[in-house]
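Below is one structure, written out as structure tokens; the observations come after it.
The values are calculated or read from the model by the stated rules, or taken from the named source; none is laboratory data. Keep in mind it's a predicted model, so treat the numbers as computed, not measured. Note that each Cβ is placed from the backbone with ideal geometry, even for glycine, and that neighbours are counted across all protein chains shown.
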Amino acid sequence: MTDTSSNDTRAGGDPRPRQGETLGEMGGIVDLGMPAPGGAFDDHNPPDSALIGDCVHCGFCLPTCPTYALWGEEMDSPRGRIYLMKQGLEGEPMTDSMVEHWDACLGCMACVTACPSGVQYDTLIEQTRNQVERHHERSAGEKALRGLIFALFPHPRRLRLMRGPLRAMQATGLDRALRRTGLLERMSPQLAAMESLAPRLGRPEPLPPYIDAIGQRRAVVGLLTGCVQGAFFPGVNSATARVLRAEGMDVVVPQAQGCCGALSAHNGREEEAQDYARRLVDAFDVARVDYVVVNAAGCGSTMKEYAALLADDPAYAERARSFADKVRDVSEILDELGPVAPRHPLEMSVAYHDACHLSHAQGVRAQPRRLLEAIPGLELKEIAEAELCCGSAGIYNIINPEPARELGDRKAANIVATGAQVLVTANPGCLMQVTSAIERSGHPMGMAHTIEVLDASIQGAGAGVFAPTPAAR
Ligand code: SF4
Ligand code: SF4
């Protein structure tokens, strides 16, 4: 990918900031109250000029940025993207090239972890994407693809309806036959990517609205069942409920819950994300729980940010804040309360893959590792380049299949190099992306969510349940 967007705004020199110079020092952007007229952004929450001014152009974020790792282009680094935001605030109109560089960002937030100056890139890219969706005219093909994705993925019922035809295709081998023809790939690489990511579907496992704790009750928790998690990985939700009750928690499963709005929030669909957030707050409010437990990293990171998402809504601002305070990733709550259920041995080696929205966005790294290491017989292995995204990133691997595939293959090589028998992660998107990349690598291994491993240990199921299934591709 090449940079075509950088117009020189400083006489006779490189328009980009020099090392050590803050973006704020480059033209009074910190003092800029509102975007300049004619520029890329309107007045409704433009990228925050003070946050942009925090960037000192040190470049520490560059090695952890997957798109910079792929292309080595400044404008496909966090620093470059922030610079483009500054240009937009100063009066540069929103160009196709600017949008291309912002679109190429995976939103993995590795740069937030790496930045020594505390630059809040997560807030900046979300503000920018909201503006892009308001002001950038996408091509008909892009609109149709995004329309399809958002008409499907945030709707658990529609996803569940897809299960029947998908299972039939998988059972008859039609999916593999279709893949071999390459027809879908020629028609649309994006649709082909969507098809190839679909996991092997098991039986549906609906959860009742209320599940009692085993033994003494230590907390009442509400469980988010999720859209993709609920439809494609129902076994993860069942395992979560079993582990929570075994650890002394009553589990409430609000039946009226829908999408948390994560995909919408991460893709500039601000109003849609706010609508989903309001409905989820309503659904869990009536359940009166101590905690809201999430087993999908992308959902958890968005739900923890509901206070900011609904800050301007007087009817929901306070409720959103108290809701967000209760949100915990399932590994956090289990680590916080400590174990009471006995663990049975699992004699196997496990490579743990940090989902970006768990590690970079929520700072949850130690808890899942502690839970896994506490299982007798289990050997935990670390993956090289752990901070680098696997390429899943919400809908990124559908919209940008080529770079996503490159990142997936790089991640798979690092996972295979650990020699582990099972790959464990905590996000349905990562599971689908890594499963597909591992299958391409030709080194079959078991795949599981962290909670499924804990469940197998508590139930005494043995390591055999994680044996790799025969390659289906
Ligand atoms: S969020 Fe990820 S892809 Fe985007 S700029 Fe930061 S490190 Fe790069
Ligand atoms: S590490 Fe932080 S301050 Fe340094 S260039 Fe990246 S975003 Fe800017």
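For a quick check of your reading of the model, give me the residue pairs whose first member lies in region 335-346 and is closer than 10 Å to Ala374 by Cβ, whose second is at pLDDT 95 or above and among the small types (Gly, Ala, Ser), with beta-carbon atoms closer than 9 Å and at least 6 apart or on different chains.
That search, which allows pairs on different chains as well, returns Asp335/Ala366; Pro339/Ala374; Arg343/Ala374; Arg343/Ser457.
Would you please name the residue that is farthest from ligand 1 (Cβ to nearest atom), looking only at residues in region 53-65 that are surrounded by 21 or more Cβ atoms within 10 Å (Cβ to Cβ) and within 13 Å of Val112 (Cα to Cα)?
Pass one, region 53-65, residues surrounded by 21 or more Cβ atoms within 10 Å (Cβ to Cβ): 53, 55, 61, 64-65.
Checking the rest, the ones that are also within 13 Å of Val112 (Cα to Cα) come to 55, 61, 64-65.
On the way: Cys55: 12, Cys61: 6, Thr64: 6, Cys65: 3 Å.
Of everything passing the filter in region 53-65, Cys55 is farthest from ligand 1 (Cβ to nearest atom).
Conditions (1) at pLDDT below 95; (2) part of a strand (DSSP E or B), marked per residue:
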position	(1), (2)
Leu407	no, no
Lys411	no, no
Val416	no, no
Gly419	no, no
Pro444	yes, no
Ala448	no, yes
Leu454	no, no
Val465	no, no
Thr469	yes, no
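For region 328-336, state whether one or more residues are in a loop (DSSP other than H, G, I, E, B) and either within 20 Å of Met249 (Cβ to Cβ) or not assigned by TED's automatic domain parsing to the domain that holds Phe150 (or both). Don't jump to the end; show me each part of the working.
If we filter region 328-336 for residues that are in a loop (DSSP other than H, G, I, E, B), which is where we start, we get none.
No, there is no match, as no residue in region 328-336 is in a loop (DSSP other than H, G, I, E, B) and either within 20 Å of Met249 (Cβ to Cβ) or not assigned by TED's automatic domain parsing to the domain that holds Phe150 (or both).
If we keep just the residues of region 76-101 that are within 9 Å of ligand 1 (Cβ to nearest atom) and in a helix (DSSP H, G or I), which is surrounded by the most Cβ atoms within 10 Å (Cβ to Cβ)? Please lay out each step first, then the result.
The initial filter retains those residues of region 76-101 that are within 9 Å of ligand 1 (Cβ to nearest atom), namely 76-82.
Subsequent filtering for residues that are in a helix (DSSP H, G or I) retains 76, 78-82.
On the way: Asp76: 24, Pro78: 27, Arg79: 25, Gly80: 21, Arg81: 25, Ile82: 25.
By that ranking, first place goes to Pro78.
Take Ile82 and decide whether it is within 16 Å of ligand 2 (Cβ to nearest atom) and over 19 Å from the mean Cα position of the chain (by Cα). Reasoning before the result, please.
Details: within 16 Å of ligand 2 (Cβ to nearest atom): yes; over 19 Å from the mean Cα position of the chain (by Cα): yes.
The answer is yes for Ile82.
Which of the helices (runs of 4 or more DSSP H) found entirely inside region 199-270 contain at least 1 residues meeting this: in contact with a strand residue (DSSP E or B) (Cβ under 7 Å, 6 or more places away or on another chain) and closer than 22 Å to Arg288 by Cα? Let's see the steps before the verdict.
Numbers: elements: 228-232, 234-246, 262-266.
Per the criteria, 234-246.
Within region 413-437, count every residue that is free of Cβ contacts under 8 Å to residues at least 40 places away in the same chain and more than 26 Å from Ser301 (Cα to Cα). Talk me through it step by step, then tell me what you get.
Applying the first criterion (free of Cβ contacts under 8 Å to residues at least 40 places away in the same chain) to region 413-437 yields 413-414, 416-417.
With the extra rule that they be more than 26 Å from Ser301 (Cα to Cα), the set shrinks to 413, 416-417.
Going through region 413-437 one residue at a time, the tally reaches 3.
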